[in-house]
Amino acid sequence: MARRSQQSGGARGGQQRRPRNQQRTGLDNEGIIPQLARGVREVESAVQRGRVTSSVRAKFQVVALLAREERGRVKTDADIAEPQRAEQLKRLDGIGTILAKTAAREPSLFALLDEGAELSFDAKELRREMLAAAGLEAPVDRPVAPDDVALAAAERQVVPLSVTRRLLSHPFLRPDYTVTTPRYDGPRRLVGWELIEPLLESFERAADGASACMALPEPESLRTPSGLELMKHQAEVVESAGAGHRSYLLADEPGLGKTAQALLAAQAAQAFPLLVVVPNVVKANWAREAERWTPNRAVTVVYGNGADLDAFADIVVVNYEILDRHVGWLGEFGFRGMVVDEAHFIKNKTSQRSQHVLGIADRIRARTARPLMMALTGTPLINDIEDFRAIWQFLGWIDEKQPRTELMVKLEENGYTPIDRGFYPSARQSVIEMGIVRRRKVDVAADIPARRIADLPVELDDELGRSIRDAERELARRLLERYDMAIATRRSGQKVEGIDHDLVRQVAAWEREDTTTEAGGDNVFTMMRKIGYAKAGLAADYTAQLARSVGKVVFFAKHIDVMDAAEEVFAKRGLRYSSIRGNQTPSARQKAIDDFVTDPDVAVVVCSLTAAGVGLNLQVSSNVVLAELSWTDAEQTQAIDRVHRIGQEEPVTAWRIIAAQTIDSRIAELIDSKAGLAARALDGSDEEIGSSVDIQLEALVALLTDALGNRR
C-alpha cells in the first residue's frame, strides 16, 4: 500500500496557512471573521429551532473564544489601519450581540462563555477546523508526555467505592511474573539498526491484495460452551487463543463478529478479569454481547464516576471519553486481559486518550505474565502506515524505539538486515504472525448469511435522552389514568383479578386513536421522532466508522431533521455524501444516486426511508445503517433491498441503531415478531400479516402492561 498523507481542508489552491500573528488583508470574506459570522448564525438558528445538541454547544463556545481572541488582536495590532480596525471591531460586536441574544434564549450556554470553561475534544477539533478554513495556522498542541498525562488525569481521577471493596477483599492479590522470555542464541545481525521504520515500510512494499492474516488453527468445534454456534472464521481465533496465542490485531471487516471473537478468546485464555475499552456508541452493545456469548461471566459497565460499577464482575467495559477519570485504578486492578475496540481511536500517540490506553496496557503487562491483548478495528489504517505504531505498541510488539523481545527474536531468526531485499517480505510476515488477523466479508462469504440485520444498542445518556425517558414515563402515567378511570366507571360490576388484559388493549387503542393528547404530552409518534433525533449523531458516528473501514454506506432515516443532523456529522468528519429526499426534482435525485454509485469519494448516501425505500439500485454498497425504526418489517426490508438485490456480490449487513432502555427496544422486538408472522403468512399460514397500526398498538399495550406490573 502506498503511503498516504491527509491534506488539511483549510488549504486551498496550494496556498500555505498564515501564522496567527501575521497581518490579514483582503476582501471581507477572508480571515476568521466570516467563519465566526457563519458559525454564530448556525448556532442562532439551531437554538431558535430548539436543537441545542453537543455540537451546537461546542460551536457556540468556539465562536465566542475565537471572537474574544480576534477582538484582542484587532485592538492591539499596530499594522491595521484605523478605518479597517473600526470596521472589524464593528463586525465582531455584531457577533458578540448575537452570542448574547442566543445565550439569553438558551441560558445553559452562559457557562460556556466563562474564560475558564474547559474545551471538549470536539470543541478543540472544531477550533482547528475554523482556523484552517480561515487560512490560519491552527494551534499546535504540545506533545503530551506520560508524566503530564498522569498529572492531568490525577486531578480528575476517581476510585469507585466498589473498586475499593474489591481490592480490600483481595489484600494478598499478587502480580503474576511467571513468564518464559523467548531466547535467541544465533548471530545478532540487527544490533544498532533502527527497525521501526523498516517494519512499517515492509507493509508499504507489499503487493496490493497480499494476505495480512496469521496462520490460524482449524477449530475442533463451532459450538460454544453456552450452546451458541460460531462461524468458522470466528472459531479459528478462539482456537488460537486456547492454544496459547496472546496478542491480536483483529482487523476483520465490520459484520464478521469481532466482539464475539474477543469475548470467547478471553474465555479460552482464562483472561479474567477482562478490561474492554470502547467508544461510547457501542458500550451498551458490548454489555449485551457479553451476556450472550459469555453468560457465565458477569459484566459491568462504567458510567460517569462509576457509582454503579460492580468491581467483582469478570468483564469491565469503559468508554474512551471517561478513561481519564478511571485510569489510576484500572492499571492496578489486576486485569489479565485488555480489549481495545475501534483501536484506530488511539492512532495519535500524543493524545491523552492514547497515552491512557498505552499506560494501562504497560501496567497490565507489568503485573501479569502474557496477558491477552486484543486491538479490534475494521480500519487499521486511516491516513498513513504510521497509524500502526500505537496499535503495535499497545499490543506489546514494539516500544517507543524498537521491537520488543518476541518480535526481535523473529526478525533475527529471519537472517536479514534492512539492506537486504529479503528483509521486507520476511519482516512483514513476522509482524503478521505476531497476531494480525484480517478477513473480508468476501473471504468468508460461505460462513455468513447473504443478508442479516445486526442490532446496535446505544445509550442516550445526555439531556435529550433523559427528557425522552421522562416523556415515556409521562405517557405511561397517562395510560394508567385512562385504565384506572375505565375500571372506576364500569357499570357491569365485573371484576378481574390482576391485570385486565382486554381492557389494556382497549386503553391502548384509545390512546392510539387519540391525537389530541393533553398539552405538553407526547404520543407514540412524537416519542419515536424524538428518539430518532436523539440517535442521529450516534448513528452518523457509527456510519462514519463503517465508511472509513469498508467503503460506501447507505444511511436511512424517516425524518428530515434526523437526516440534517446526520449530514452535519458527516460534513464535520470530512466525509462526502449525497442525499435522497422526497422534495427533490427527478434530475436532482438521479444526480445524488449517480454521485454515490460512480464517485469513489462519495462515501455515504443519506436516504429518506419513505422517498428512497423503493426504486433504487445501490448495490455498490453492502452495508446499510437504519438510524430510525420503521413501523413495519416490510418498510425495513424494502430499504435493505436497495442494497441486497441482483448484482450484489457481497453479503449484506443492515445495522439497526436501537436506543437502549426506551420504547425503541420494544418496538424493534415487535417488528421482528411481526416479520416472523409475515413469513409464516406468506408460506401459507392463516395468520394475518401485521401492519403499522399493530406495531403502534402493541407498543402501547407493552408500555401499559409494564406500568401496571411495576405498580403492583
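Read-outs: derived from the displayed coordinates by stated rules, not from any lab. Since the model is a prediction, treat every value here as computed from it, not as a measurement. In this analysis, Cβ positions are derived from the backbone assuming ideal geometry, glycine residues included, and neighbour counts consider all displayed protein chains.
In terms of other Cβ atoms within 10 Å, Ile419, Ile346 run from fewest to most in the order Ile419, Ile346.
Between the C-alpha center of the stretch 598-640 and that of the stretch 80-102 there is a gap of 45 Å.
Each residue in Ile98, Ile695 was given a count of other beta-carbon atoms within 10 angstrom of its own, and listing them fewest first yields Ile98, Ile695. From most to least packed by mean Cβ count within 10 Å, the peptides 535-543, 595-603, 275-283, 38-46 give 535-543, 275-283, 38-46, 595-603.
Among the GluC sites (Glu not before Pro) in the stretch 191-247, those located in a DSSP loop and surrounded by at most 15 other Cβ atoms within 10 Å of their own Cβ are Glu194, Glu220. The order of the peptides 390-400, 246-256, 432-442 by mean Cβ neighbours within 10 Å, most packed first, is 246-256, 390-400, 432-442.
Panel values: the stretch 526-711, Kirkwood radius from alpha carbon pairs, Stokes-Einstein at 25 °C and 0.890 mPa s, translational diffusion coefficient 142 µm²/s. Take the alpha carbon gyration tensor of the stretch 32-133, find the square roots of its eigenvalues, order them as a ≥ b ≥ c, and report rounded if a/c is under 1.5; if not, report prolate when a/b exceeds b/c, else oblate. Since a/c reaches 1.5 and a/b is larger than b/c, the shape of the stretch 32-133 is classed as prolate. In this rough spin-label picture, where each label sits 7 Å from Cα along the Cβ direction, the Glu30-Arg477 distance is 6.0 nm.
Counting only other residues whose beta carbon sits under 10 Å from that of Leu250, what net charge do I get with K and R as +1, D and E as -1? Value of the local net charge: +1. Taking other C-beta atoms within 10 Å as the exposure proxy, His233, His501, His559 rank His501, His559, His233 from fewest upward.
For a 29 Å ceiling on Cα separation, which of these pairs sit above it: Lys59/Lys90; Lys349/Lys558; Lys59/Lys441; Lys530/Lys572; Lys558/Lys591; Lys410/Lys552? Too far apart for the 29 Å limit: Lys349/Lys558; Lys59/Lys441; Lys410/Lys552.
In this simple spin-label model, placing a label point 7 Å from the Cα along the Cα-to-Cβ direction at both Ser120 and Ala611 gives a separation of 2.9 nm. With the highest mean first, a sort of the peptides 327-339, 66-78, 563-575 on other beta-carbon atoms found within 10 angstrom per residue produces 327-339, 563-575, 66-78.
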